[in-house]
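Contents: one structure, followed by commentary.
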Amino acid sequence: MLSWQTKQNAKVVGSMYILTQSGSLENIRDTVYQVHNADLERSYLESGYHQNERIYNLKAHHKEFVIVCPEFRKSGTAPIVLIPDFLIPGRPYPIYVYMYAIEIYSSSPEKGQRFAAEATRKQFGLTSFAHTTLGRALKSLIRSISEPVDIQEEQVDIAHSTAVIFPTVHSTAVIRKEALSFLRKLSSSWANLQEKLNAFCKLAKHHFIAHSRFLL
């Protein structure tokens, strides 16, 4: 449990989200991940909130996970949902899956998005993870971490073109460089995959703390 997380929230689609639990899905034997924070739950109940559950589904590590999150409601206030740091509501994969794909694509200038997407599918046991998914995630990341004057729209809009021609290594050079710099803020080298995934989650948490919104 992280003490700062009890004070952080983000407004998304009428709900307030609190990062309250860290962990990895990889080593969980069961497919159900129960989010729990006794102190926060007691505090909201004592403040007159009613507790429910909000369910999310994530795919990773050759499994489909059910993430059970406490939800607190009180008349006149937005619902409050306690979530783990690897979850971004509305996205089907853990945050570290997207960032892993972005890191591969950004650190391998000779490879394309299709290569990075395929490598991500194999690494996390996914039946699907399209290069367009990677493109949208990269676009979202850059918009989250860049000032508007730094990255022009044509440099970022790499995933929604209806043209047959796909983004080239040259056309995405600027945003790949920026993405890689951001992802390697904590470390330029990781001893193993788990350290890398933990670092990605940590970056996402830091962004959430600083800006009160999700990274992707």
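Worth pointing out:
Okay, residues lined up against (1) over 25 Å from Lys59 (Cβ atoms); (2) touching a strand residue (DSSP E or B) at 6+ places or on another chain (Cβ under 9 Å); (3) surrounded by fewer than 18 Cβ atoms within 10 Å (Cβ to Cβ); (4) at pLDDT below 85:
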{"position": "Phe124", "(1), (2), (3), (4)": "no, yes, no, no"}
{"position": "Ser140", "(1), (2), (3), (4)": "no, no, no, no"}
{"position": "Ala191", "(1), (2), (3), (4)": "yes, no, yes, yes"}
{"position": "Ala199", "(1), (2), (3), (4)": "no, no, no, no"}
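- Among the criteria (1) assigned to a loop (DSSP other than H, G, I, E, B); (2) within 16 Å of Tyr17 (Cα to Cα), the one Ser75 does not fulfil is (2).
- Any hit, segment 64-83, residues being of a type in the set (Lys, Arg) and modelled with pLDDT of 90 or more: yes
- Yes/no for Leu141 being outside the structural domain of Thr31 (by TED's automatic domain parsing), under 10 Å from the mean Cα position of the chain (by Cα), touching a residue at least 12 places away in the same chain (Cβ under 8 Å) and assigned to a helix (DSSP H, G or I): yes
- Segment 104-122: number of residues that are crowded, with 18+ Cβ neighbours inside 10 Å and among the polar types (S, T, N, Q): 3
- Hey, Ala101 surrounded by fewer than 22 Cβ atoms within 10 Å (Cβ to Cβ) and in a helix (DSSP H, G or I) or not: no
The values are calculated or read from the model by the stated rules, or taken from the named source; none is laboratory data. As the structure is a prediction and not an experimental result, all values here were calculated from the model. Quick reminder, even Gly has a Cβ in these numbers, built from the backbone with ideal geometry, and neighbours come from all protein chains shown.
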